[in-house]
1. Mind telling me which of the residues A:Glu396, A:Glu384, A:Glu428 ends up being of a type outside the set (Lys, Arg) and either touching a residue at least 60 places away in the same chain (Cβ under 8 Å) or under 30 Å from B:Asp169 (Cβ atoms) (or both)?
2. Could you grab me the full set of residues in region A:78-106 that are among the small types (Gly, Ala, Ser) and surrounded by fewer than 16 Cβ atoms within 10 Å (Cβ to Cβ)?
3. Looking only at region B:58-74, how many residues end up being modelled with pLDDT of 90 or more and within 15 Å of B:Gly272 (Cα to Cα)?
4. Quick check: anything in region A:199-210 part of a loop (DSSP other than H, G, I, E, B) and surrounded by fewer than 24 Cβ atoms within 10 Å (Cβ to Cβ)?
5. I'm checking my understanding of the structure. Among residues of region A:428-449 that are within 12 Å of chain B (Cβ to nearest Cβ) and over 20 Å from A:Ala279 (Cα atoms), which one is surrounded by the fewest Cβ atoms within 10 Å (Cβ to Cβ)?
6. Can you find, within region A:281-292, the residue that is modelled with the lowest pLDDT among those that are crowded, with 22+ Cβ neighbours inside 10 Å and more than 7 Å from chain B (Cβ to nearest Cβ)?
7. β-branched (Val, Ile, Thr) and away from every other protein chain (no Cβ under 14 Å): is that true of B:Thr252 in this structure?
8. Within region A:93-120, how many residues are in contact with a strand residue (DSSP E or B) (Cβ under 7 Å, 6 or more places away or on another chain) and in contact (Cβ under 8 Å) with a residue 40 or more places away in the chain?
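The values are calculated or read from the model by the stated rules, or taken from the named source; none is laboratory data. All values derive from a computational prediction rather than experimental measurement. Note: ideal-geometry Cβ built from the backbone for every residue, glycine included; neighbour counts use all protein chains shown.
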Amino acid sequence: MNRMRKIPLVVLALLALILAACGGGGSGDADDTTTTTTATDASETTAAPGTTAAPDEEMEPVTVEWWHIQNTDPMMTLWQTFADEFMEANPHVTINITVMENEAFKAALQTNLQAGDVPDLFQSWGGGGLREQVDAGLVQDITELSSGFIGNLTEGAVGLYQVDGVQYGVPFNLGMVGFWYNKDLFAQAGIDAPPATWDEFLEDVQALKDAGITPIAVGAGDKWPAHFYYSYLMIREGGEAAMNQVAEDLDFNKPEFIEAGNELQRLIDLEPFQPGFLAAPWDAPDGESGAIGTGQAAISLMGQWGPGAYANQSGVGVPEDPIADRLPGEFGWFPFPAVEGGAGAPTDGFGGGDGFAVGRDAPPEAVQFLEYITSLDQAIRTGETERVLPVTKGAEVSVTDPYQLAVLEGLGNATFVQLYLDQFFTPELGAAVNDVVQTLFAGTVTPEEAAEAITNAAAG
Amino acid sequence: MTTHKTVDTKADRRPLKGVPGVAPWPVIAGFLLPALALYTVFVLYPITQSIRYSGFSWNGLEPLTNWVGLENFRTALADPLFIEAIQHNAIIAGLSLLVQIPFAVGLAVLLSRNLKGRGVFRTMFFAPYVLSEVVTGVVWRQILRPDGLIDRLMGSVGADGLTQEWLADPSIVLYSLFFVISWKYFGFHMILILAGLQLIPNELEEAASIDGASWWQGFRYVTLPLLGPTIRVSMFLSIIGALQLFDLIWVTTKGGPINASSTMATYLVDWGFRRGQFGYASAVSVIVFGLSLIVALLYQRFVLRRDLQGALTA
């Protein structure tokens with residue numbers, strides 16, 4: 001008796017274990033199907049003409065998983081506010097926000113994508129990364145769903161979230177990289193105007209050095225801040241034509257790009273960077289933003305988000321204060337200077353945007369939410385944070401602080417904008433570009449070897 | 001004793017039960033199953049999956065279609081950066097054996113004596129081991145940063161000429177990290193060896209000193225040989241730890257700058273999660289697994305032989 005009872009028990013336990021083990025995959029599939037069904041149901045409803053976010057209680061509840069990287073105030077709070085407002089207007093929608101730091105986000109997203117557990121809305125820079133996600137069928141074609149409002153956004157930004165003419169995401173921010181500089185430190189070094197050419201820039205760097213000021217802070221430990229220099233010099237040397245060419249043939253063994261490396265070498269040879277720059281991250285007390293925010297270095301090549309980060313590291317004031325009051329001295333912005341003999345125009349830009357890609361299983365409410373946060377009123381509120389350059393037409397009026405205005409002007413003058421190279425290419429090649437740039441900054445490779453190494457990485 | 005009796009009586013009642021004193025198979029299975037299931041799901045299954053992935057060129061997103069055979073292994077073993085990473089592991093392992101263990105032995109011998117406040121010292125030296133690697137990494141990154149605590153401390157005693165870019169200079173960073181690793185783990189080895197010392201009967205050392213052995217002779221010919229098994233286990237843990245080294249490096253330098261502090265594990269994570277080359281990263285993980293297995297087996301076979309009578313490799 002005793003034994004007879006025991007064996008089935010063991011078998012039962014075994015079965016339970018097997019079930020539990022398989023349960024993970026099984027229930028995941030079930031979830032997916034449910035979401036898809038909901039999605040189709042709802043899309044049929046919303047496809048009907050004239051439907052907006054109607055506050056009808058009988059709608060099936062949906063959840064939108066939203067991953068973003070605006071992990072500091074005021075943007076972090078603003079996104080939460082937008083989500084709360086949207087949920088209030090659409091009671092059937094629940095928006096779950098996951099906020100992550102940039103680098104942590106990249107690692108976490110990769111894991112989730114691989115597991116097929118795609119967030120409904122997630123930070124995207126477009127480019128090669130988005131293309132890979134499209135090829136793997138992880139993001140959703142929202143051409144149809146977004147057609148009602150995508151025309152309200154600037155074409156340049158919208159285009160970043162298209163692959164082969166199909167819309168997969170919606171931008172909210174577009175800027176370009178340029179030089180942020182501390183005017184007070186420039187004055188101390190006897191420099192009265194920002195440099196217009198690369199040679200002048202190198203002279204100013206030397207002048208700052210002679211005055212005992214660390215000329216440049218760069219977060220070469222994170223690598224991408226250093227890649228801004230190399231990329232910009234490539235754009236100045238090669239121009240639009242060369243950049244479009246390399247996007248096709250992935251061949252960096254070109255005289256223009258080697259020349260870009262040589263020019264970068266001239267800068268590095270001046271030893272203009274803060275101590276420990278090779279290990280320094282971008283945004284940390286011991287990073288690039290920390291050195292600039294505390295007035296320990298004069299120049300930083302960074303995008304429109306630069307001043308906000310410097311202010312946060314300055315230890316002065318609170319996030320709600322105007323950025324200018326928190327910075328160590330008066331700051332200014334100048335575009336990357338012209339390079340003599342280069343094919344690129346001094347108005348060619350380098351930058352990119354932020355936006356949200358729409359996951360494959362996202363309900364249409366996710367796109368409606370994107371419509372909400374990029375609508376004119378909300379875009380203006382976004383612009384007023386001084387952290388973002390909204391891409392909604394007409395929202396430029398919200399940009400009033402001189403820093404963001406300078407970037408906006410540079411962007412307005414841009415004859416060509418190249419997307420960040422580490423986002424433009426596949427993640428693998430982007431990482432190779434960044435790694436090679438770090439070795440250039442460490443002085444362990446020649447410009448020729450650098451071009452060779454990137455080309456080899458592209459060849460696989 | 002009581003358990004024995006119960007088992008015996010049960011076995012008497014049911015003669016088909018097999019060898020007396022051995023639990024019936026459902027009981028064995030019942031106890032084994034939970035652990036076995038977990039082991040299968042979280043260890044065996046991922047390992048077989050890694051081996052499978054390692055034959056593909058795969059970015060982790062697309063379907064597994066691009067079979068490349070052993071190409072990933074060839075690429076990895078031909079990549080100077082991977083070889084460099086292996087060398088870094090070897091350097092850390094070697095330094096641990098040469099510096100960290102002798103230091104721990106010395107401290108343990110010192111603290112096994114009747115020293116005033118030795119309890120306090122033992123706790124103090126052991127404390128770093130209690131911290132997680134991530135906490136250790138974050139704290140030491142701040143201490144070692146330019147113009148950080150170390151630099152200021154050195155400056156205040158007039159040694160500012162000797163300050164270095166501890167984590168940013170590619171030729172120094174590995175040794176800075178070795179220092180941090182030793183700081184974290186020497187206390188652990190010290191405790192192991194202290195325990196070993198307490199197992200050595202006092203009479204033996206007394207006998208040696210009565211026979212006229214100096215302190216050094218007593219230590220060299222009595223204490224040290226008897227401490228052998230403990231030291232060998234300590235060394236084994238050190239080597240395994242050095243091979244697995246990841247968290248602390250990832251938090252402080254991510255293996256940089258320019259891969260100067262990379263280890264096999266940071267190399268593998270970099271290729272998997274930053275470059276999205278999961279096929280290649282899987283191949284690297286298989287190599288790392290193989291290397292660790294070989295080292296562990298060889299060590300057991302040749303060094304731990306006497307300590308592990310009856311073990312698999314003995």
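1. A:Glu428
2. Listed by number, the residues that qualify are A:Ala89, A:Ala104.
3. So the count comes out to 2.
4. Looking through region A:199-210, none of the residues is part of a loop (DSSP other than H, G, I, E, B) and surrounded by fewer than 24 Cβ atoms within 10 Å (Cβ to Cβ).
5. Step one: filter region A:428-449 for residues within 12 Å of chain B (Cβ to nearest Cβ), giving A:428-445.
Keeping just the survivors that are over 20 Å from A:Ala279 (Cα atoms) gives A:428-429.
Working: A:Glu428: 19, A:Leu429: 22.
Across region A:428-449, the extreme among qualifying residues is A:Glu428.
6. A:Asp283
7. Answer is no for this residue.
8. Qualifying residue count, region A:93-120: 6.
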